[in-house]
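Down below is the structure, laid out as structure tokens.
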Amino acid sequence: MNRIVVGAHYGLKDWLVQRVTAVVMALYTLLMIVAVPTAAGGYDGWRALMSHGLIRFASFVFIVCLCYHAWVGVRDIWMDYVKPTAVRLILHALTLLALVGYAGWATQIIWRL
Amino acid sequence: MTEIIKRRPKYLNLVEIKLPLAGFASILHRVSGIGLFLMLPLLIWLLQLSLASAESFETLSAVVAHPLVKLILLGLLWAFLHHFCMGIRILLIDVQIGVEKEQARASAKAVLAVSLALTAVLGLKLLGAY
């Protein structure tokens, strides 16, 4: 058998993570479709909605799921189309760093409300 | 039999192969995904403008009123809707719903149609048509 050792383990786990995070994000989308029309109009209503405890909790979970989901998806794309190891490694690292930064940035926006 | 297996192409030439409809919807899943990923900074920035202060909320209105931003948001709206619908199709196929060729083809067609139709409906709202 010609198995690549470094490729072991992360196949099934990432497949599952991609599904779980997708379902969470879909549920968040439905939550917001229901919640946003109930909010008062303008800045105050929008801010009140987003600073509500439940919405803030859900938004944080959404942000984490989005970044994890994007990591798995974008990494798959690099693995499929970018063959030189060095370029692929750099792209993987940049993707990961960007997503960690985005997660922090987006969380800070909703958490300081 | 062995001979047939041996003559299989070892890679897919994207220029030469003809994608079936489900493959087309599938590649658009990738395109929409990478598009959403690349535009994440813009989306987070817009979220920040919407929440930071009453003044930045006004800035958001001005930013979104810009034709180029509207065009990008229209593209992202389609990307989200296609990714969402295609995601549901993938989850259903995972639990063995719609696996047969005819059903899978029909659901791929439905994903393309529904996401485009919703983009049109919500996009006209974005562009201020109603």
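Scanning the range B:94-109 for residues that are in contact (Cβ under 8 Å) with a residue 12 or more places away in the chain and either in contact with a strand residue (DSSP E or B) (Cβ under 7 Å, 6 or more places away or on another chain) or surrounded by 15 or more Cβ atoms within 10 Å (Cβ to Cβ) (or both) returns B:Ala104, B:Arg105, B:Ser107, B:Ala108. Residue pairs whose Cβ atoms lie under 6 Å apart, sitting 6 or more positions apart in sequence or on different chains, and linking a residue in the range A:99-113 that is within 7 Å of chain B (Cβ to nearest Cβ) and more than 21 Å from A:Trp71 (Cα to Cα) to a partner that is at pLDDT below 95 and surrounded by 12 or more Cβ atoms within 10 Å (Cβ to Cβ), do not occur here. Evaluated against (1) loosely packed, with under 15 Cβ neighbours inside 10 Å; (2) closer than 30 Å to A:Ala103 by Cβ; (3) under 17 Å from the mean Cα position of the chain (by Cα); (4) of a type outside the set (S, T, N, Q), B:Gly75 falls short on exactly one condition, (1).
The residue of the range B:1-41 that is modelled with the lowest pLDDT, among those that are aromatic (Phe, Trp, Tyr) and within 13 Å of the chain's Cα centre (by Cα), is B:Phe24. With the requirement that a residue be closer than 27 Å to B:Ala54 by Cα, more than 11 Å from chain B (Cβ to nearest Cβ) and hydroxyl-bearing (Ser, Thr, Tyr), what does the range A:34-77 give you? Matches in the range A:34-77: A:Thr38 only. Quick check on B:Lys70: is it closer than 29 Å to A:Arg56 by Cα, at pLDDT below 95 and not small (Gly, Ala, Ser)? No; evaluated as a whole, the condition is false for this residue.
Looking only at the range A:55-113, residues that are exposed (fewer than 14 other Cβ atoms within 10 Å of the Cβ) and among the charged types (D, E, K, R) come to 3 in all.
Condition first: in contact with a helix residue (DSSP H, G or I) (Cβ under 8 Å, 6 or more places away or on another chain), closer than 30 Å to B:Leu122 by Cβ, within 11 Å of chain B (Cβ to nearest Cβ) and free of Cβ contacts under 8 Å to residues at least 24 places away in the same chain. Can you find one or more residues in the range A:78-97 that meet it? There is no residue in the range A:78-97 that is in contact with a helix residue (DSSP H, G or I) (Cβ under 8 Å, 6 or more places away or on another chain), closer than 30 Å to B:Leu122 by Cβ, within 11 Å of chain B (Cβ to nearest Cβ) and free of Cβ contacts under 8 Å to residues at least 24 places away in the same chain.
Within the range B:16-33, restricting attention to residues that are part of a loop (DSSP other than H, G, I, E, B) and among the aliphatic types (A, V, I, L, M), the residue that is farthest from B:Gly75 (Cα to Cα) is B:Ile17.
The values are calculated or read from the model by the stated rules, or taken from the named source; none is laboratory data. As the structure is a prediction and not an experimental result, all values here were calculated from the model. In this analysis, Cβ positions are derived from the backbone assuming ideal geometry, glycine residues included, and neighbour counts consider all displayed protein chains.
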